[in-house]
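Enquirer: Dumping the structure here so I can ask a few things about it.
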Amino acid sequence: MLDHNNKALKYDFWTKLFHWLMASIIIYTMLAGFSLHIIEENTPLWHFISRLNISLAFVSSLIFIPRWIWSFFRTEPQQVPMPAIQKSAAHMVHALLYFLMFLVYITGFFMLNKPVTLLGNIEYINPLIEHDNICDLFFLLHRYSCYLLFFLILVHVCAVIKHQYINKNKILSKMLF
């Protein structure tokens, strides 16, 4: 759909697909990751959630690469009018979201201190597995990067709510199918 200046009013199909796939997986993996600290360790439920979490993170990390590359080539829809400082803040938050997603993936795979099976049949062995101190450091980096990512996702959602319902500029419709 185009406006009178032939500018797209919505994001393209691939941008929306990448966004909602990643959002769904990230929301699940964050909730699952946080719940693993509450559920009794080494129970069947804990192992199921942990394996599913790692497998979905693996899938998400594979989706992340084309999503990030696509972000440089997609056509941007018509921008919502906003002050330059807000526009700069939005760009910064989006850049930090990409950086933190990348950091969460890297630290998540390097924190693993024993071999894991991804998607039921792909064996992954952390190349740093013999260095417990380094795995522990990656675990801490993973935990805190997850907290920061969670915070920035909240900022992102609050900005969408503000623009959609307070400013009434229908920003959400650009990302919906």
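The values are calculated or read from the model by the stated rules, or taken from the named source; none is laboratory data. On a predicted model such as this, the values are computed, not experimentally measured, just so you know. Don't worry about glycine lacking a Cβ; one is built from the backbone with ideal geometry, like all the others, and counts go over all protein chains shown. Surface areas here come from the heavy atoms of the whole protein model, side chains and all, with no ligands, DNA or RNA. Shrake-Rupley method; radii C 1.70, N 1.55, O 1.52, S 1.80 Å.
Enquirer: Identify the residue in the range 89-104 that is farther than 16 Å from residue 71 by Cβ and modelled with pLDDT of 95 or more and, among all such residues, is least open to solvent (accessible area, probe 1.4 Å).
Expert: Looking at residues that are farther than 16 Å from residue 71 by Cβ and modelled with pLDDT of 95 or more, I get 104.
Enquirer: Next question. For residue 28, which of the numbered conditions (1) within 22 Å of residue 176 (Cα to Cα); (2) buried (at least 17 other Cβ atoms within 10 Å of the Cβ) fails to hold?
Expert: Tallying (1) within 22 Å of residue 176 (Cα to Cα); (2) buried (at least 17 other Cβ atoms within 10 Å of the Cβ), residue 28 fails exactly one: (2).
Enquirer: Let me ask you something else. Quick one: count up the residues across the range 75-94 that are assigned to a helix (DSSP H, G or I) and more than 12 Å from the chain's Cα centre (by Cα).
Expert: Selection size over the range 75-94: 10.
Enquirer: Now for a separate question. Can you name every residue in the range 31-74 that is over 21 Å from residue 149 (Cα atoms), open to solvent by 90 Å² or more (accessible area, probe 1.4 Å) and in a loop (DSSP other than H, G, I, E, B)?
Expert: Selection gives 40, 41, 42, 72, 73.
Enquirer: If you go through the range 105-120 one residue at a time, how many are polar (S, T, N, Q) and not in a helix (DSSP H, G or I)?
Expert: 2
Enquirer: Which of the residues belonging to the range 121-153 are open to solvent by 70 Å² or more (accessible area, probe 1.4 Å) and in a loop (DSSP other than H, G, I, E, B)?
Expert: Across the range 121-153, the qualifying residues are 121, 125, 127, 130, 131.
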